[in-house]
1. Could you tell me which residue of the range 42-69 is least open to solvent (accessible area, probe 1.4 Å), considering only residues that are over 13 Å from the mean Cα position of the chain (by Cα), more than 19 Å from Lys97 (Cα to Cα) and not β-branched (Val, Ile, Thr)?
2. Which condition does Lys8 not pass, out of (1) surrounded by fewer than 15 Cβ atoms within 10 Å (Cβ to Cβ); (2) at pLDDT 75 or above, if it passes all the others?
3. Can you tell me which residue in the range 87-124 is modelled with the highest pLDDT, limited to those that are under 10 Å from the mean Cα position of the chain (by Cα) and in a loop (DSSP other than H, G, I, E, B)?
4. State which residue pairs qualify: first residue open to solvent by 50 Å² or more (accessible area, probe 1.4 Å) and inside the range 160-189, second residue assigned to a helix (DSSP H, G or I) in any location, beta carbons under 6 Å apart, and separation of 6 or more residues or different chains.
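The values are calculated or read from the model by the stated rules, or taken from the named source; none is laboratory data. Owing to the predicted nature of the structure, the values given are computational and were not obtained by experimental measurement. Glycine gets a Cβ as well: all are built from the backbone with ideal geometry, and neighbour counts include every protein chain shown. The area values use the complete protein model at the heavy-atom level, side chains included, leaving out ligands, DNA and RNA. Shrake-Rupley method; radii C 1.70, N 1.55, O 1.52, S 1.80 Å.
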Amino acid sequence: MELPGAAKTEDHVPPSKEANEQLSKGYTVVYVLGCPGSGKSTQCSKISAGLGFFHLSAGDLLQEEINSGSEDGEGRLVPSEIVVKLLQQAMQRTGNKKSLIDGFPRNEENQNIIKIEPELVLLLDCSEEESTRRLLNRNQLIPLLPIMKGRVDDNAETIKKRFKVYSESTLPVINYYSSNGKLRRIDAERPIEEVYESVKEILSELEQKHQGH
């Protein structure tokens with residue numbers, strides 16, 4: 001099984017510096033970050049459908065590579081290197097110059113390897129209490145609605161561990177982009193359509209900025 005939107009990984013070499021430089025210059029890249037249950041996948045799907053961005057989920061790409069049985073997926077590279085290569089390949093193979101990267105970089109190691117400077121970083125801001133409620137509710141619905149994305153191991157204990165990892169690993173990345181003025185916080189506890197309206201406003205401003213150049 002080949003990875004949709006990406007070339008087959010070859011030679012098992014680390015991510016290409018040249019590809020990073022090309023993608024930094026020639027593409028509009030937006031990162032979408034947020035805690036578990038903040039609605040990243042939902043909003044990214046709406047942005048892709050409504051605003052023409054090419055949606056890349058780092059977690060989905062890695063899982064598909066693992067499922068394909070490739071040597072990369074079997075761990076000959078560290079996960080950060082694998083994901084960056086998959087992101088590079090998918091971005092280069094699409095004709096779309098606007099890329100939305102969902103859930104990456106997750107930590108400072110990811111950030112140091114990818115070296116693709118985003119135009120903006122959208123942070124879907126949601127409290128641990130609200131996110132936990134959503135995850136638990138979603139988990140109950142998975143057997144009834146298999147189309148829903150969720151994790152069958154979501155329970156109060158595993159969710160708490162996921163939040164701990166998020167706080168320790170991703171918050172430093174968020175703080176970095178906040179310090180350089182690229183972070184846009186969005187209240188993600190509101191209804192989906194209200195969150196999307198805020199996202200549209202921010203990305204429309206980005207589009208106008210590019211058109212003005």
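1. Only one residue tops the list, namely Glu65.
2. The single condition Lys8 does not satisfy is (2).
3. Pro105
4. Arg184/Ile202; Glu189/Glu130
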